[in-house]
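Some notes on the structure that comes next.
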Number of protein chains: 2
Amino acid sequence: MKFVKIEEILDGKHTDKKVAIRGWVYRERKQKKVSFFLIRDDSGIIQTTIKLDSKDWENSQELSIEASVQIEGVVKKDDRAPGGYEIKTEKLEIVGLAERFPITKDKSEEFLRDVRHLWIRSRKMTNILKVRSAVFEAIHQFYKKKGYSEIQSPSFTKSACEGGSTLFEVDYFGEKAYLSQSWQLYAEAMIFSIPKIYCIAPSFRAEKSRTIRHLAEYWHHEMETAWMNFDELLKFQEEFIVFIANYVADKCKKELEELERNVDELKNLKVPFKRMTYEEAIKKLGKKWGHDLTDAEERKLVKQIGEPVFITHFPREMKAFYMQPDSENPKTVLAADLLIPGVGETTGGSERIDNAKTLEESLKIFKLNKKDYKWYMDLRKFGSIPHSGFGLGVERLVMWFAGAEHIMDTIPFPRTMNRLEP
Amino acid sequence: MKFVKIEEILDGKHTDKKVAIRGWVYRERKQKKVSFFLIRDDSGIIQTTIKLDSKDWENSQELSIEASVQIEGVVKKDDRAPGGYEIKTEKLEIVGLAERFPITKDKSEEFLRDVRHLWIRSRKMTNILKVRSAVFEAIHQFYKKKGYSEIQSPSFTKSACEGGSTLFEVDYFGEKAYLSQSWQLYAEAMIFSIPKIYCIAPSFRAEKSRTIRHLAEYWHHEMETAWMNFDELLKFQEEFIVFIANYVADKCKKELEELERNVDELKNLKVPFKRMTYEEAIKKLGKKWGHDLTDAEERKLVKQIGEPVFITHFPREMKAFYMQPDSENPKTVLAADLLIPGVGETTGGSERIDNAKTLEESLKIFKLNKKDYKWYMDLRKFGSIPHSGFGLGVERLVMWFAGAEHIMDTIPFPRTMNRLEP
């Protein structure tokens, strides 16, 4: 017999018919003459019953939580059963028995992370990981539709360019190397070959941070586009965010509902998003020019505003060296961070410097070594073009969509300062 | 004006019409009364002409190879022009001038790798990178169609489990950690949550190899599937390979032709692929049981056979510890390598051990430390299930499809023992 997904049964597609399912015991209640086994697969949970007179009764009494089974039986509507349906077992095959499952109610978050290889089976993790996968799928679909190519940059870099203090050091055949934190400098070389490109790749930050928003390894989505200016970049990001949110809301409706996430918020995003300059933002927060917005201030700000907002035109010194100064106000750069209510900073992007003179000036301002940027400088010497790009941490998006409380819940096996296993 | 892709002009879609293009000077020939500029974008190369009486003539004389331009003009059919079409320039805008371009004919492979950030603009690299991107796209599309989820494993691992000698060591907040070489052990935990999963992620091998087939960092595609047995795994891989080959052949027809790759070979793959046991393979090669096939022998073998072939049922000791012994001949395992003519080993996969007793036995055979595999052993103790999976190096596929001679040509910025930049 062909195995059916449990959700199909719960959707009423097999009522009064014989089906075969396979999965794991989620809950069990053994009575004298009848036993109830809730069975889970990734799509849902269904009640099965088996009676004392069944040839498989004896076997069934060995089942405990997380045992794996294949069950054949007839589907009946039954309002007393969780989900409203039940399978009357005609045939039970035990695939694998289970020892006493270590995860019981009221275990600490820390314990659940220690047994992540088992906790990953929980409804919560299954649902979040499905949302995560839908985010990846949505990103690929968006860029396919737009005619972009997926292209990668190396994870190993020779020089500790930016942010040296948060770089992981690797022994690279006896030489010192560092793990990459962004594909961007490479992407800027690649757009001269293929003008519209994106990537999703792991990114590594040795940040001694214990916030609920930081991982030592996260998945970094970045895009870079030749001939794109700052205004086009903001519009592109709006379209991107709305597409991903709608895609995930449609594909993961059930998962989001089970996670008690309000799907309407994702379906009803309105564009254009609000725009606010850095200058307006600090005024609103009662701060002075030159003050670097903290994570907390950003979240406060976007909470007040109550909808997604781009903060633009930051002071040049506050942002990355490669960002294009605004010709109307060169002490600021054509950069924008997108803040989302409840999440804070979600994307960061900019138009890039497209001429050698401004770039040299920037290297000086940021006290960077010209030698380390020789090839990057070349990109401004051989037919430079205007170009822009943005990046985001995929886990931030998953947090937002799934309504996860901690970023460690949005990745299968999280890595942080204090956690390197399982 | 809206900019058109050069390939549209070469396809005859704009003949006798005014168009705007943008791109880079590919070749230039300046004569007294007329200048010819071949312009490239990622889609093709077209000839443009400009005459002495043009208002932009003086500007045009500053153009050299790789200068970036926007050009408006009327498209004319002209058999003397490369590609058969030419644009008569009415308006020329120089976006960025170019210094003397360092890449000229007859430069060494080594030099071209030193200036990879510029060589990446070559027709050869543009075409190969488009094939590469199409391979990624095809993989995502295949798994979307099959209902798989894209899920990742961590790059940092605590213990140097297998293949210690080829692991990169990282300073992880003062602790020793290693860069991952496979998601598989984690994937085996994840299928209890989501039964059909895949990933594409960088993988790291500190191999002191100088072959044309090895990179220190490559992109690793892996899939893992709950409830899948060995026979199903081989059929799945056949379907996968044929889908990817056809997708790339259709999407990159022009690129493959320009690379002088025979597209028919990719379109005409026949399934099922041949199957040959390890025992038959060594006989054919005149070797004895226990001989480990070298790369060269594998390529020789598949060349003789002349079509893709699975080599199956290797001796248990020769393969990975987690592979399921064949119940009919337990000194062999249910593993298969797919060999492709001209490429050699392309995929490797197996059914996995699904019970604790056999796994313990394996840990002993392979002299592995039980402690390091505690959580992995757990997967056999709580409702174990049959499952299988395979992996492949994406660059191997790209090499095959694009007909690239060296694996360094299949990745934008290669990393090898001797190359850490650009």
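Copy-to-copy spacing for A:Asp79, label 7 Å out on the Cα-to-C-beta vector, in nm, shortest first?
Ordered by distance, the counterparts are at 8.4 nm.
Would you mind telling me which residue in B:Gly96, B:Gly174, B:Gly342 has the biggest mean-square fluctuation in a Gaussian network model of chain B, where springs connect alpha carbons within a distance under 10 angstrom?
B:Gly174
How high is the relative contact order of chain B, given as a whole-number percent (alpha carbon pairs under 8 Å, six or more residues apart)? Show your work: numbers first, answer last.
Values: 770 pairs, mean separation 56.9, N = 422.
Normalised by residue count, the contact order of chain B is 13 percent.
Over 22 Å between Cα atoms: which of B:Lys319/B:Lys357; A:Lys105/B:Lys381; A:Lys130/A:Lys235; A:Lys91/B:Lys145; A:Lys254/B:Lys381; B:Lys331/B:Lys367 fall into that group? Intermediate values should be presented prior to the final figure.
Working: B:Lys319/B:Lys357 18 Å; A:Lys105/B:Lys381 20 Å; A:Lys130/A:Lys235 28 Å; A:Lys91/B:Lys145 32 Å; A:Lys254/B:Lys381 30 Å; B:Lys331/B:Lys367 17 Å.
Table pairs above 22 Å Cα-Cα are A:Lys130/A:Lys235; A:Lys91/B:Lys145; A:Lys254/B:Lys381.
Which of these, A:Asn246, A:Asn268, A:Asn127, has the largest mean-square fluctuation under a Gaussian network model of chain A (Cα springs below 10 Å)?
Highest fluctuation among the options: A:Asn268.
Quick check: the angle from helix A:123-145's long axis to the longest principal axis of chain A, C-alpha only, nearest 10 degrees?
Result, in degrees: 50.
Taking A:Glu8 in one copy and the same position in all the others, each labelled 7 Å out along Cα→Cβ, what are the pairwise distances from the first, in nm, shortest first?
4.5
Suppose only helical runs count, i.e. DSSP H with n ≥ 4. What mean residue ellipticity at 222 nm does that imply for chain A under -39500 (n - 2.57) per run, divided by all residues and rounded to the nearest 500 deg cm²/dmol?
Result for chain A: -8000 deg cm²/dmol, rounded to the nearest 500.
Using the Cα centre as the reference, give the magnitude of the dipole from point charges on the C-beta atoms of the protein assembly as shown (Lys, Arg: +1; Asp, Glu: -1; all else neutral), rounded to the nearest 20 debye.
Taking the Cα centre of the protein assembly as shown as origin, the dipole is about 240 debye.
Stick to the Cα atoms of chain A, pair each with every other, and give me the Kirkwood hydrodynamic radius in Å at one decimal.
24.5 Å
What is the mean number of Cβ atoms from other protein chains located within 10 Å of the Cβ atom of each residue in peptide B:120-126, rounded to a whole number?
Mean inter-chain Cβ contacts per residue within 10 Å come to 4.
For chain B, modelled as a Gaussian network with Cα springs under 10 Å, which listed residue fluctuates most, B:Gln31, B:Gln324, B:Gln181?
Maximum fluctuation in the GNM of chain B, among the listed residues, is at B:Gln31.
Quick one: accessible area per residue over chain B, 1.4 Å probe, rounded to a whole number of Å²?
Averaged over the residues of chain B, the accessible area is 42 Å².
For helix B:356-365, report the angle its Cα long axis makes with the longest principal axis of the Cα atoms of chain B; keep it between 0 and 90° and round to the nearest 10°.
Around 80 degrees separate the two axes.
How much of the calculated P(r) for region A:111-247 lies past 17 Å, in percent of all Cα pairs?
The calculated P(r) of region A:111-247 puts 70 percent of pairs beyond 17 Å.
I'd like the Kirkwood hydrodynamic radius of the protein assembly as shown, using the inverse of the mean 1/r over distinct C-alpha pairs, in Å.
Radius from the Kirkwood sum: 29.3 Å.
Averaged over peptide A:411-417, how many Cβ atoms belonging to another chain are found within 10 Å of each residue's Cβ?
5
Compute for region B:1-76: radius of gyration divided by Kirkwood radius, i.e. Rg/Rh, restricted to C-alpha atoms, rounded to two decimals.
0.94
Which whole number gives the average count of other chain Cβ atoms within 10 Å of the Cβ atoms across peptide A:191-202?
Mean shielding by partner chains, rounded to a whole number: 6.
Between region B:43-59 and region B:142-201, how far is it from one alpha carbon centroid to the other, in angstrom?
About 53 Å separates the Cα centre of region B:43-59 from the one of region B:142-201.
Can you tell me the alpha carbon radius of gyration of region A:295-339 divided by the globular rule-of-thumb value 2.2 N^0.38 Å?
In units of the 2.2 N^0.38 Å rule of thumb, it is 1.27.
For q values of 0.11, 0.12, 0.13, 0.21 Å⁻¹, compute log₁₀ I(q)/I(0) with the Debye formula on a Cα-only model of region A:1-144, without solvent.
-0.47, -0.55, -0.64, -1.28
Run through the other copies and list how far each one's label point is from that of B:Lys158, in nm with one decimal, shortest first; the point sits 7 Å from Cα along Cα-Cβ.
3.6
Compute from the Cα atoms of region B:310-422 the Rg and the Dmax, the latter being the longest Cα-Cα distance, and quote both in angstrom.
17.8, 52
In whole angstrom, how far apart do the alpha carbon centroids of region B:217-277 and region B:370-422 sit?
16 Å
Could you tell me the convex hull volume per residue, in Å³, taken over the Cα atoms of region B:198-319?
Dividing the Cα hull volume of region B:198-319 by its residue count gives 162 Å³.
The values are calculated or read from the model by the stated rules, or taken from the named source; none is laboratory data. What you see is a predicted model; the values in this text were computed from it and never measured. As a convention, Cβ positions derive from the backbone with ideal geometry for all residues, glycine included, and neighbour counts pool all protein chains shown. All accessible areas refer to the heavy atoms of the entire protein, side chains included, with ligands and DNA or RNA removed. Shrake-Rupley method; radii C 1.70, N 1.55, O 1.52, S 1.80 Å.
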